[in-house]
1. Taking the Cβ of residue 340 as the centre, find all other residues whose Cβ is under 9 Å away and add up their charges (Lys, Arg: +1; Asp, Glu: -1).
2. Quick query: amide H of residue 338 versus all other amide H atoms, modeled in the peptide plane; which residues come in under 5 Å with a sequence gap of 5 or more or a different chain?
3. Suppose a student asked you for the relative contact order of region 104-241, using Cα pairs under 8 Å spaced at least 6 residues apart; what percent would you report?
4. Do you know the relative contact order of region 262-324, to the nearest whole percent, from alpha carbon pairs under 8 angstrom that are 6+ apart?
5. Amide H to amide H, which residues 5 or more places from residue 258 or on other chains are under 5 Å from it, using H placed in the peptide plane?
6. Go through 248-260, 112-124 and give me the packing order, highest mean Cβ count within 10 Å leading.
7. By average Cβ neighbour count within 10 Å, what is the ranking of 222-232, 145-155, 358-368 from highest down?
8. Give a residue-ordered list of calculated ³J(HN,Hα) values for region 224-234 (Karplus: 6.51 cos²θ - 1.76 cosθ + 1.60, θ = phi - 60°; whole Hz; x for Gly, Pro).
Amino acid sequence: MLIKNAIAYVDGKFAQNDILIENGKITGVGRALDARGEIVDARGLIALPGLIDMHVHLREPGETWKEDFKSGGDAAVAGGYALVYDMPNNIPKPTITREALDEKRKLALKSRCEVRFHFGATENNFEEVRDAKPESLKMYLGMTTGNMLMKDEKSVERHMKEFPKAKQIFVHAEGDEAGKAIGLAKKAGRKVHLTHVPNESVLDAVKGWKLATADVAPHHLFLCKSDFDEGDCRALVKPGLETIKSVSDLWKRLDGIDAIATDHAPHILEDKKKGAFGFPGLETALPLFLDAYSRGLMDLEWIAKRFSENPARIMGLRDYGRIEKGCVGSITLVDLKREWTVHGNELCTKAKWSPFEGKQLRGRAVKTIVKGEVAFSLD
Ligand code: NCD
Ligand code: ZN
Ligand code: ZN
């Protein structure tokens, strides 16, 4: 496949380039490349290295009325994502054994998006972790969907010590737990990643350890408590939405945010009414930031780094996150001028609602190429 005339993010800058992809890998980047085979005319479009979402819940197996690997994969590629990392808090069967991980791997083959997996840590599954050799570990130090809370600090410490240092540990922690997690990672001398950081004080805790990184979810930058009426079940999310003051303080810290991850946590409205925590987010994340770019709130390099380059680095993926010879042939083509309005019932996610309902946004992914194949194309 040859992508012609895109304004491509190459080597930290945007410049006009053609991108040649053969056998799922990038084999050429430059001007006026020639090739037989499929040509994608990308004149007027931006080419980003395929987006990577390090935090999604695709709900399969167990709760496939909320999402599955097919619908979730479709939502991902429609949002511009070429790779997502699925979380282990499935109900009723969390991903805490090799058998559960193998089952998910098979189920995920029907996804148009590349899917990788976080493995769940429990207070006593040390042997299962060794046996499954997952690429990353997820620890829940705060209460949320699924029954995976780790209360015993000793087992958190032991996982931090035993899990291979080259691999990533993801932590759900709010408030004081965040400081605790960072302290234990520091003690173990290992890297750690705090996901869905909701405010400046958790970001400060992360900055206290050089091997710690943080992602922020779009809803913690683009929504606040007062966007919903008191008692509106749609506003339920972990960590909770913050005050308008806290959100504007977080905006002042954009440079300290390593990555954006959606925490795509689909629940149908019927489940929200019963108190379910979480928002669908795969199809609105990039557009929210592109729209913010069009209003001058950040530059495109910031977006390319937080949506692709840094997630690859955080997850230890050497040949992802860059448009470069030898890297994976996953590319997201973006139209900065494309305007659209968010309607939950038109989205691919089975949740069929969005906390951003009715929002008018400028900019979106128009083609998502996953390992050399067009996985999504608008029109
Ligand atoms: C997530 C879910 O529903 O799985 N919910 C949420 O409110 N974020 C779990 C989580 O990421 O904490
Ligand atoms: Zn969480
Ligand atoms: Zn989550």
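1. Working: positive: 338, 362, 364; negative: 339.
Residues close to residue 340 contribute a combined charge of +2.
2. 363, 364
3. Values: 192 pairs, mean separation 22.8, N = 138.
With pairs under 8 Å counted, the relative contact order is 16 percent.
4. Details: 45 pairs, mean separation 12.8, N = 63.
Reported relative contact order: 20 percent.
5. Those lying under 5 Å, H to H, from residue 258 are 214.
6. Values: 248-260: 17.0, 112-124: 22.2.
Sorting 248-260, 112-124 by mean packing, highest first, produces 112-124, 248-260.
7. Values: 222-232: 13.3, 145-155: 15.1, 358-368: 19.4.
Those peptides, ordered most packed to least, come out 358-368, 145-155, 222-232.
8. In residue order, the calculated couplings are 9, 2, 6, 6, 10, 5, 3, x, 6, 5, 5 Hz.
The values are calculated or read from the model by the stated rules, or taken from the named source; none is laboratory data. Keep in mind it's a predicted model, so treat the numbers as computed, not measured. Note that each Cβ is placed from the backbone with ideal geometry, even for glycine, and that neighbours are counted across all protein chains shown. Remember, those area values only see protein heavy atoms, side chains included, never the ligands or the DNA or RNA. Shrake-Rupley method; radii C 1.70, N 1.55, O 1.52, S 1.80 Å.
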